[in-house]
Amino acid sequence: MSTSEEPTTNPRHAASGRRELRSDDPVLSWAGVVEMEHTPEWSRGWRLPLRRIGLFPGDDLRFRAGMQAGVRVEFDTDARIVGGRAVPVSDDAETQIVDLVVDGRLAGSVPVGASGDFSFGELPAGEKSVELWLPQFGDFRLAAVEVDAAARVWPASPSRRPRLLTYGSSITQCRTAASPTRTWPAIVARELDLDLTCLGFAGECHLDPMVGRMIRDLPADVLVACLGINVYGQGTFTKRSFLPAMLGLLSTIRDGHPGVPLIVMSPIVSPERENTAGASGMSLAGMRAQVGEAVQLLREDGDKDIQLLDGLDVFGPGQAHMLGDGVHPNADGYAHMAGSITPVVRMAFAPAR
């Protein structure tokens, strides 16, 4: 068992009996990332391949990909105090929260202070596995993890949990969820003991072919793709092109994941958009029907491991009061979504476990 025993370089923490581990310390494992970015001052996970970022055009897509949705820092320790320090970003006005999970259980949620510091209260004595779930929205760059000065820290054991990969829009990134572990993908993953990679890109779920190729090549044991709402809002496709684009994306994903359960979710309810044509020229109800048609065509072509999850069964008219702005669920709404999606993932995945 290797441990990190580097002395702190922060006099303030030294005076308080604590020490820091740099965010690129090898005892820290970053989970839920596609690629890591380490600088002398900070680290962050990327949910697109950073070294090939030029193949993923769009400033907004790249900005969202640098957000830490589903990203967590994992390590084992006997520390009684765990915290950290982020690099404040002046143009980031988001209220950011970090969650602490100890031995698989949520131990607390704390806001990130204006200085970038966050800290959790005294933990039980003894060895434990720790996960720091980072804020799912906003520009967050971790500089260091903090523990008490006498604590031992060593690498977490590699995860052997099956891998859940989710792809979607802001409704998958879940900006307004109560905290990072309370987005619907995180709740589903934690309830079913799955290893999450969340590819929720707010405003940027446009069935990009390069994103489909990336998902094809990422490890996954069950996939959930939530398609349609960004296409409605920005008119990415027309009635003629939306269905072929979905068929191409889903077929590309399937090329890398034969036999893996692939759940395709159509848009959740948005009352003002249900029967009103958006920039795409289609109503939300019409787009929902096309998502269902894409899944049916692929099943008829022989893919028996793909299934439709009707968005209205996940979050329908009866839950419309939990829409904060007519499109996005509030914190209670995301918890409701998780409660609807979890049994579907459990049933789809059960035969393979």
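The values are calculated or read from the model by the stated rules, or taken from the named source; none is laboratory data. Bear in mind the structure is a predicted one, so any value in this text is a computation, not a measurement. So basically every Cβ, Gly included, is an ideal-geometry build from the backbone, and we count neighbours across all protein chains shown. Heavy atoms of the whole protein, side chains included, go into the accessibility calculation; ligands, DNA and RNA do not. Shrake-Rupley method; radii C 1.70, N 1.55, O 1.52, S 1.80 Å.
In this view, the solvent-accessible surface of I263, computed with a 1.4 Å probe and all protein chains in place, comes to about 0 Å². Choose one of L142, P111, Q68: the residue whose Cα lies farthest towards the positive end of the charge dipole of the chain (beta-carbon charges +1 Lys, Arg; -1 Asp, Glu; about the Cα centre). Checking the options against the dipole of the chain, the answer is Q68. On full extension, the segment bounded by R240 and A125 gains 35.3 nm, given 0.36 nm per residue less the C-alpha separation. Segment 189-208 and segment 94-148 have Cα centres spaced 21 Å apart. Using unit Cβ charges (K, R positive; D, E negative) and no other charged atoms, how large, in debye to the nearest 20, is the dipole of segment 54-204 about its Cα centre? My answer is approximately 320 debye. Estimated from helices alone, the mean residue ellipticity of the chain at 222 nm is -8000 deg cm²/dmol (sum of -39500 (n - 2.57) over DSSP H runs with n ≥ 4, per residue).
A Cβ-based charge dipole, computed about the Cα centre of the chain with Lys and Arg at +1 and Asp and Glu at -1, lands at about 460 debye.
Span-like helix check, the chain: qualifying full DSSP H segments, with Cα axial length of 15 Å or more and mean Kyte-Doolittle of -1.0 or more, are 242-256, 284-300, 331-349. Short-range pairs are left out: with C-alpha atoms under 8 Å and at least six residues apart, the relative contact order of segment 262-353 is 31 percent.
With a Förster radius of 41 Å applied to the C-beta separation of E274 and S157, the computed FRET efficiency comes to 0.30. Within the set (i) 30, 23, 20; (ii) 45, 20, 16; (iii) 37, 20, 19, the number that semi-axes √(5λ) of the Cα gyration tensor in Å takes when calculated for this structure is listed as (iii). Summing charges over neighbours of A31, with a neighbour being any other residue whose Cβ is under 9 Å away from its Cβ, gives -2 when K and R count +1 and D and E count -1.
Computed on protein heavy atoms with a 1.4 Å probe, the accessible areas place M282, M36 in the order M36, M282, largest first. Looking at the chain, what % of its DSSP beta bridges pair antiparallel, to the nearest 5? The antiparallel fraction comes to roughly 70 percent. The length gained on full extension between D193 and R80, counted as 0.36 nm times the residue separation minus their Cα-Cα distance, comes to 38.1 nm.
A probe of 1.4 angstrom, applied to the heavy atoms of all protein chains, finds F63 with accessible area near 100 square angstrom.
Computed over protein heavy atoms with a 1.4 angstrom probe, the accessible surface ordering of R141, R175, largest first, is R175, R141. With each label modelled as a point 7 angstrom along the Cα→C-beta vector, the L247-L55 pair spans 2.5 nm. Based on Cα contacts under 8 Å between residues 6+ apart, the chain shows a relative contact order of 15 percent. The HN-Hα couplings worked out from phi for segment 115-132 by the Karplus form 6.51 cos²θ - 1.76 cosθ + 1.60 (θ = phi - 60°) are 7, x, 7, 8, 7, 10, x, 4, 9, x, 5, x, 6, 7, 9, 10, 10, 9 Hz, whole numbers, x standing for Gly and Pro. Per residue, the solvent-accessible area of segment 260-353 (1.4 Å probe, heavy atoms of protein chains only, all protein chains present) comes to 44 Å².
Annotation: H328 carries an accessible surface of approximately 60 Å², with a 1.4 Å probe and no ligand, DNA or RNA atoms counted. Across segment 63-129, Cα pairs under 8 Å and at least six residues apart give a relative contact order of 42 percent.
Under 5 Å between amide hydrogens, built in the peptide plane, is the criterion, and for V82 it picks out F120 among residues at least 5 positions away or on other chains. Shown are I229, I341, whose ranking by accessible area with a 1.4 Å probe and every protein chain present, most to least, is I229, I341.
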